[in-house]
Amino acid sequence: MSSSATAAATAPVRRRVGTVRATTLCYRVVIRQIVSAGRIAALGALGALMIVVGWVVGNSSNRGANSSAGMIFDGASYADGFGLIVIVPIVSLVFAAASLGDARDDGTLVYLWLRPIGRAPLAVAAALASATVSLPLCVVPTVFGGWLATDFVAGSGRAALGSLAAAALGTVAYSCLFVLLGLLFRKAVLWGIAYILLWEGLAVGLGDFAERLSLRGYARSMLSQIAEVDLGFTTYSVGISVIVLAATSAASLALATARLRNINVD
């Protein structure tokens, strides 16, 4: 037997890391990479602004002139217009697009790539890390900003609960989608902003079909249905909204896994 054959036969076999352990390992690496003082400060300030403005809106409203239903409508509209339309997609985009996109661009993704781990745990870990950081920055201002805008009138708890469900599930869905976006495009934040502004902001007004392809529509529907407020757009049931947002998350992670299996990392 040749020396090369002998060396190959005696070389240790690298065993693939288990799924849970691999996901945990990748999660720790990714979350350390995406968390920075600058990002937290800037996006936290945006959330703080929403809470402060919500308090101003609630205290400036004249309860004598507005019914409880009107105050709840104002709070839900504020949670929708500032929280679900601005904060949730923007915050999710910043962290999710950076989770694997930045690592690929600066060459550090290769260190995870060379480990004996599957590609699915890496995609799942990136989404989990992004959602972990994004959820408090999205949910807290959306819930409290909208609740403060109702001035705590009777029934305002429904608006807070609707804001909580919509912001939480919306953040998870956007995080999964933008992890995929970070793998597909360089400068993914610019592409994500274009998607948020052009598709979710403008194209959905073209008709019902386009609206059905908007994550925002399903998140807003959850707020509208749970708060029992008509916000003036087509709504879907809570069950349908949950299914679509969950399916979008799963499909995005599946596509991200496929992309990771075919991407060139150097």
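Each reported figure results from applying straightforward, stated rules to the coordinates on display, with no laboratory input. Just so it is clear, the structure is predicted and the values come from calculations on it, not from any experiment. Here the Cβ is made from the backbone with ideal geometry for all residues, glycine too, and neighbour counts use every protein chain on show.
So the values come out like this:
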quantity: Relative exposure of Trp199, Trp191, judged by other C-beta atoms within 10 Å (fewest first); calculated: Trp199, Trp191
quantity: Separation in nanometres of the label points that stand 7 Å from Cα toward Cβ, at Ser36 and Leu213; calculated: 3.3
quantity: FRET efficiency for Arg28 and Ala69, using Cβ-Cβ distance with R0 set to 51 Å, rounded to 0.05; calculated: 0.60
quantity: Distance (nanometres) between label positions extended 7 Å along Cα→Cβ at Ala246 and Leu49; calculated: 3.6
quantity: Separation of alpha-carbon centers, the range 22-61 and the range 218-254, rounded to whole Å; calculated: 23
quantity: The range 51-104 - Kirkwood radius from inverse mean 1/r over Cα pairs (Å); calculated: 13.2
quantity: Residues Arg261 and Thr132, FRET efficiency given R0 of 35 Å [Cβ-Cβ distance, rounded to 0.05]; calculated: 0.90
quantity: Reciprocal mean inverse distance between Cα atoms of the range 17-262 - Kirkwood radius, Å; calculated: 18.4
